[in-house]
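The values are calculated or read from the model by the stated rules, or taken from the named source; none is laboratory data. Here the structure is a predicted model, which means the values were calculated and not measured. Because the Cβ atoms are built from the backbone with ideal geometry, glycine has one as well, and the counts that use them run over all protein chains shown. Surface areas here come from the heavy atoms of the whole protein model, side chains and all, with no ligands, DNA or RNA. Shrake-Rupley method; radii C 1.70, N 1.55, O 1.52, S 1.80 Å.
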Amino acid sequence: MSTYRHKVEENFIRYAQIDTEANPKSESFPSSMKQKNLAKLLVDELKSLNLSHIEMDEWGYVFATIPSNSDNSDAPTICFCSHMDTAPDCSGKDVKPIVHRDYDGAPITLPDDNSQVITTQQHPYLIEKIGDDLITASGKTLLGADDKAGIAIIMDLASYLTENPTIKHGEIRILFTPDEEIGRGVEHLDMNKVDSDYGYTLDGGALGSIEDETFSADGVQVTFHGVSAHPGYAKGKMVNALKLAADFIAALPNDRWSPETTSGREGFVHPTLISGIMEKATVSFIIRDHITEKLAKFEDELESLAQMIVEPHKGARVEFEVSEQYRNMKEVLDSVPFVTEYAIQAMEKAGVEPRPTIIRGGTDGSRLSFMGLPCPNIFTGEMAIHSKHEYVSIQDMEKATKTLVELVQIWEKHV
Ligand SMILES: [Zn+2]
């Protein structure tokens, strides 16, 4: 077993070169058909590892099973999940991964665009990575470590367990999803096919990070209805909805509430879009907090503010519409705390110092947790994601594989 040679590096380099950029403007699913090119390759590789129940379904989800070799018939089925798409914020076409051996801490100038320089000042985590082998892109694209690092790790785990049949584990389910980056990753996911008791997404950043807490999230649409009149004869009659919307935005607090003034466990109320004409204007918001009940408080205050803006204007009115987006996975994970605890124990056994982290955002794991698959997020080493500076340490990826090897053995003993 000590002779096993990790395959995260070659796995990752193969996957990173396949363009899987998601397209938020598309109505199709997956949003870009090219995501299926990676899905097909993964199916072929899973077949060569002799796994069972291998499938890419019509939506592009990839499933496979590593059958149990345990005598414990109560051992739960554990799902490991990563996403195949890359973020549309930065090009994912013609990605050229470059390996930088034995990183020395000096600035890395990317060859295809010399203005792209990766430094420890901008990316302090890199100081911890001196001596590691890093992978970056070449300057014109993102790298796609988010989340192809996760896929490379899960595929490395599958190779490891195939080559080391004496390692005891229960049934393991592998899941690769499309379109996570545009928030649609679980839209067509068939939970009967997932068929697992507990899960982990492999989509975290720094070595040791384990995330079991996300934001809870609502969307809000505030629509101002003005009063229309011919602009030449509008005196005393017209109420311009665009001006109501502008007054409303200007009345938002400056020193709190915003992403630009909050951090840690503070939530926010964030306008994302204004659209409209004189008669009618809509302001869209995203509302975020780790505590779900606080969303309603934000929304009440926001609605009062909107009412206050229209009140002096005869004939004008405002509509206020709230839609639920996702909920903090901690609400589910609190009832099965061992899911996170086992991951922490596995890291310790693998010689990795655990860094429990809260997410100021959501993951597919938040949705999966509420769909019946409690699903914290484990590190992969992916850093500076969605940008041309994106990088990943090969040693971080290997330590993630080692963590999963320990984790499946811990679950094998679960009763
Ligand atoms: Zn991701």
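Scan segment 1-54 residue by residue and report those that are among the small types (Gly, Ala, Ser) and free of Cβ contacts under 8 Å to residues at least 60 places away in the same chain.
2, 26, 28, 32, 48, 52
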Which of the following residues is of a type in the set (A, V, I, L, M, F, W, C) and under 21 Å from the mean Cα position of the chain (by Cα): 410, 378?
378
Inside segment 85-103, the number of residues satisfying the requirement of being within 13 Å of the ligand (Cβ to nearest atom) and of a type outside the set (A, V, I, L, M, F, W, C) is 5
Regarding segment 126-144, can at least one residue be identified that is closer than 20 Å to residue 94 by Cα, open to solvent by 10 Å² or more (accessible area, probe 1.4 Å) and assigned to a loop (DSSP other than H, G, I, E, B)?
yes
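For a quick check of your reading: which strands (runs of 3 or more DSSP E) sit entirely within segment 11-84 and have at least 2 residues that are open to solvent by less than 10 Å² (accessible area, probe 1.4 Å) and within 16 Å of the ligand (Cβ to nearest atom)? So that I can check it myself, show each step before the final result.
On the way: elements: 52-56, 62-66, 78-83.
In segment 11-84, the matching strands (runs of 3 or more DSSP E) lie at 78-83.
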For segment 181-209, which residues satisfy the criterion of being more than 16 Å from residue 63 (Cα to Cα) and within 16 Å of the ligand (Cβ to nearest atom)?
181, 182, 183, 184, 203, 204, 205, 206, 209
Restricting to segment 258-297, and then to whatever is of a type outside the set (S, T, N, Q), under 23 Å from the mean Cα position of the chain (by Cα) and part of a loop (DSSP other than H, G, I, E, B), can you tell me which residue is surrounded by the most Cβ atoms within 10 Å (Cβ to Cβ)?
267
If I filter segment 188-205 for residues that are of a type in the set (Gly, Ala, Ser), farther than 20 Å from residue 12 by Cβ and at pLDDT below 95, do I get at least one hit?
no
For segment 222-229, does any single residue satisfy the condition of being in contact with a Lys or Arg (Cβ under 9 Å, 6 or more places away or on another chain) and without any contact (Cβ under 8 Å) to a residue 24 or more places away in the chain?
yes
Report whether or not residue 169 is more than 16 Å from the ligand (Cβ to nearest atom), assigned to a loop (DSSP other than H, G, I, E, B), of a type outside the set (Gly, Ala, Ser) and buried (at least 20 other Cβ atoms within 10 Å of the Cβ).
yes
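Yes or no, residue by residue, for (1) within 30 Å of residue 343 (Cβ to Cβ); (2) out of contact with any strand residue (DSSP E or B) (no Cβ under 6 Å at 6 or more places or on another chain):
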| residue | (1), (2) |
| --- | --- |
| 146 | yes, yes |
| 149 | yes, no |
| 164 | yes, yes |
| 188 | yes, yes |
| 198 | yes, no |
| 229 | no, yes |
| 239 | no, no |
| 247 | no, yes |
Filter segment 255-286 down to residues that are among the small types (Gly, Ala, Ser), under 20 Å from residue 324 (Cβ atoms) and out of contact with any Leu (no Cβ under 6 Å at 6 or more places or on another chain), then give me how many there are.
1
Can you give me the number of residues within segment 200-215 that are surrounded by 24 or more Cβ atoms within 10 Å (Cβ to Cβ) and in contact with a Lys or Arg (Cβ under 9 Å, 6 or more places away or on another chain)?
4
Please identify the pairs in which a residue from segment 273-294 that is touching a residue at least 60 places away in the same chain (Cβ under 8 Å) has its Cβ atom under 6 Å from the Cβ atom of a residue that is open to solvent by 90 Å² or more (accessible area, probe 1.4 Å), counting only partners at least 6 apart or on another chain.
283/274; 284/273; 290/265
With the structure loaded, tell me whether residue 126 is of a type outside the set (Ser, Thr, Tyr), touching a Phe, Trp or Tyr at 6+ places or on another chain (Cβ under 8 Å) and away from the ligand (no atom under 16 Å from the Cβ) or whether it fails that test.
yes
